[in-house]
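So the structure is just underneath, and the comments pick up after that.
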Amino acid sequence: MRFSRSLKGRLTIIVALAVVVTGTVVLLFAYYMARSLSREQVFESMESAVSNAANAVEANVAGLLFKSELLAFSDPLANDLNAFLAGTGAPDQLLESMSNQLYDTCRADPSYNDISVALPDGTVIAGYGREGKEQPDRIPDQLLESALSSGTGMDYDLKDGDLVLTVASAVGGPDGEVIGVSMITSRATELQRELSVIPGLGSSGAIMLSKVRGDRVLVLIWPVGAQEGSGGWKVVSLGLEDDTPMVKSAIGEKGEGVTDSLDGEKVVVSYDIMPVMDWGVTVTMDSAEAFAPISRLRNVIIIVVVVLFFGGLALAYMIARSIARPLEELQHGVKALAGGQLTTRVTISHGIEVTALAEEFNQMAIRLNDLYQNLERKAEERTVELREANRRLQELHDLKSEFVSVASHELRSPLASMKMGVATVVNEMVGPLNEEQKVMLTIANKNIDRLTKLTSELLELAKIEAGQLDLEIGKCDLVELAREVVEAHDPQAKHLGLQLEVVAPEAPAYARCDRDRMYQVIQNLIGNALKFTEEGGVTVSISRRNGYVVVCVKDTGPGLPDGAIDTLFEKFPTAYTETRSEKRGTGLGLAICKGIVEAHGAEITVESEPGEGSRFCFTVPVWERDARE
């Protein structure tokens with residue numbers, strides 16, 4: 001307090017605030033500019049990856065389609081098929097001739113799985129497949145319909161862990177009518193290689209092909225960097241009503257953004273449709289990897305701000321010390337002179353003004369010494385000079401007081417203006433906010449809520465640890481209380497697609513407890529269960545055992561990791577350190593629950609196995625009259 005009231009302290013605070021505030025504003029401006037540019041670069045890279053993937057797919061399909069059309073327009077094949085349909089030749093010889101032609105075509109490319117020729121109704125009459133490859137009996141209806149209507153049909157599927165492309169072409173007869181369909185199925189080995197080396201997706205990227213099949217969307221997922229034959233492809237079936245990028249691209253939409261993956265992880269996504277095939281192509285990349293430069297820049301800025309703070313504080317202290325030190329020396333000289341030490345002199349060379357003041361002080365001291373030596377002779381003259389010196393010292397004192405007052409006032413004024421300016425922007429008094437500003441304000445508001453909750457829970461936990469938790473013990477029906485909490489959480493459970501129910505006897509279960517505190521415990525346990533349960537439900541059961549009412553909350557979530565139960569009820573436990581940030585809480589809820597339950601003279605326990613869910617139970621003493629009954 002004394003330091004902050006001194007001239008040195010006030011100068012230190014003023015200069016430090018000026019350095020830190022200015023530096024922080026400049027760094028934040030640079031950060032948001034760099035963040036905006038980095039995000040644009042990420043989305044441009046993702047869009048380029050979509051284009052590269054689409055070009056690779058279209059090129060491979062076009063090459064395969066070209067070979068299919070060569071086969072379909074082959075005169076020997078068309079003649080044999082026309083003769084077979086007209087019955088003008090030996091069927092066996094015609095089929096053998098067509099099979100030989102298919103064999104020659106299949107042998108020319110080792111990536112072909114099989115080649116078939118079918119009648120207009122889709123029945124395969126001749127074909128050749130490589131060893132171990134099962135020959136189809138019919139051409140798939142979707143391919144057949146496309147080939148008959150537009151002359152060509154294209155499809156993809158996953159067989160034995162590899163991507164397989166299938167194309168079909170209509171075979172024309174002498175009069176231009178369609179007399180059959182040729183089909184080639186080929187392993188997309190080269191396409192997989194091209195997809196594996198598409199740049200801009202990092203190590204966590206994935207490329208997805210999607211197509212509409214009836215009322216579903218078939219999605220094939222290829223992790224970037226997967227090798228041929230590694231079984232890297234994954235297949236997923238989604239409904240047309242699913243609001244996912246894969247479905248959107250399959251139905252012809254285009255876009256980009258940040259969303260949740262099928263595994264629930266935050267990813268950067270870009271998607272588009274390949275109009276020639278009516279297939280969607282989607283690329284994703286883990287948002288943490290995509291925005292890693294932004295995170296590193298943020299960390300560097302935090303470090304720089306911290307260094308700036310301490311460096312600014314040190315610099316401010318040195319500046320204030322250099323200003324206050326000569327004044328202190330002058331003050332000591334004044335004190336010595338006032339104490340009768342007329343030979344006192346000060347030597348100051350810290351600025352023209354202060355040096356001049358020191359010289360004046362020394363001159364005054366000389367004159368006072370002369371006055372003392374010649375008191376009778378120069379009493380009146382020295383008295384006038386002393387008064388003049390005192391007047392100058394008083395002016396200096398007044399100037400110093402005025403300087404401190406003005407500086408303090410000028411410090412409060414910009415701070416008040418800053419506060420008013422922020423409030424004005426938040427309340428949109430100077431104009432509406434754009435979407436990015438709203439997002440930032442929303443993030444700030446959420447973090448303020450989290451900080452407020454954390455502060456409240458820390459204070460409450462401090463009371464518990466100090467043994468100062470106030471309990472209003474009374475008669476409480478835990479069955480009614482549990483149903484009340486469940487009713488409050490039921491909308492959340494339905495939103496998450498979970499079942500939330502109470503299993504309890506019809507009769508009340510009266511306990512000796514603080515009703516509000518018990519509500520807090522049950523609410524916390526149910527909230528945690530809903531937070532970590534993705535499917536199934538949460539069950540709250542109430543029973544009586546050995547003079548206690550037992551309340552249990554069981555979920556069908558992932559359960560607790562091995563060794564997590566030992567630290568679960570401690571402050572900031574390590575049980576969910578790998579949990580996504582949107583599921584983590586303050587880390588104090590279970591510790592508070594334990595403190596409340598133990599304050600009632602009871603205990604709280606947990607049973608859990610990974611993959612089998614968790615079961616939290618606590619006991620509360622039965623109401624005395626019920627216990628006697």
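The values are calculated or read from the model by the stated rules, or taken from the named source; none is laboratory data. Please read these numbers as outputs of a predicted model, since none were measured by experiment. Positions of Cβ are generated from backbone atoms using ideal geometry, with glycine treated the same way; all protein chains shown enter the neighbour counts. All accessible areas refer to the heavy atoms of the entire protein, side chains included, with ligands and DNA or RNA removed. Shrake-Rupley method; radii C 1.70, N 1.55, O 1.52, S 1.80 Å.
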Hey, what's segment 44-163 come to in accessible area per residue, 1.4 Å probe, Å²? 50 Å²
Per-residue counts of other Cβ atoms within 10 Å, averaged by peptide: what ranking do you get for 139-150, 52-63, highest first? 52-63, 139-150
Heavy atoms only, probe 1.4 Å: what % of the accessible area of segment 162-268 goes to carbon and sulfur, would you let me know? 49 percent
Which of Lys234/Lys266; Lys266/Lys571; Lys494/Lys594; Lys67/Lys254 have a Cα-Cα distance over 21 Å? Lys266/Lys571; Lys494/Lys594; Lys67/Lys254
From largest accessible area down, sort Val384, Val117; use a 1.4 Å probe on the protein chains. Val384, Val117
Kindly rank 240-247, 27-34 from highest to lowest mean number of other beta carbons found within 10 Å of each residue. 240-247, 27-34
At 1.567 mPa s and 4 °C, Stokes D of segment 22-177 from Kirkwood alpha-carbon radius, µm² per second: 69 µm²/s
Using only the alpha carbon atoms of segment 39-127, find the Kirkwood hydrodynamic radius as the inverse mean reciprocal pair distance, in angstroms to one decimal. 15.6 Å
Scaled by the rule-of-thumb 2.2 N^0.38 Å, the alpha carbon Rg for segment 143-244 gives a ratio of 1.30
Taking the mean number of other Cβ atoms within 10 Å as a proxy for protection, how do you rank 94-102, 274-282, 80-88 from highest to lowest? 274-282, 94-102, 80-88
Counted charge near Met33, where neighbours are those whose Cβ lies closer than 12 Å (Asp, Glu -1; Lys, Arg +1): +1
Determine the relative contact order of segment 85-169: mean sequence separation of Cα pairs under 8 Å and six or more apart, normalised by residue count, in whole percent. 17 percent
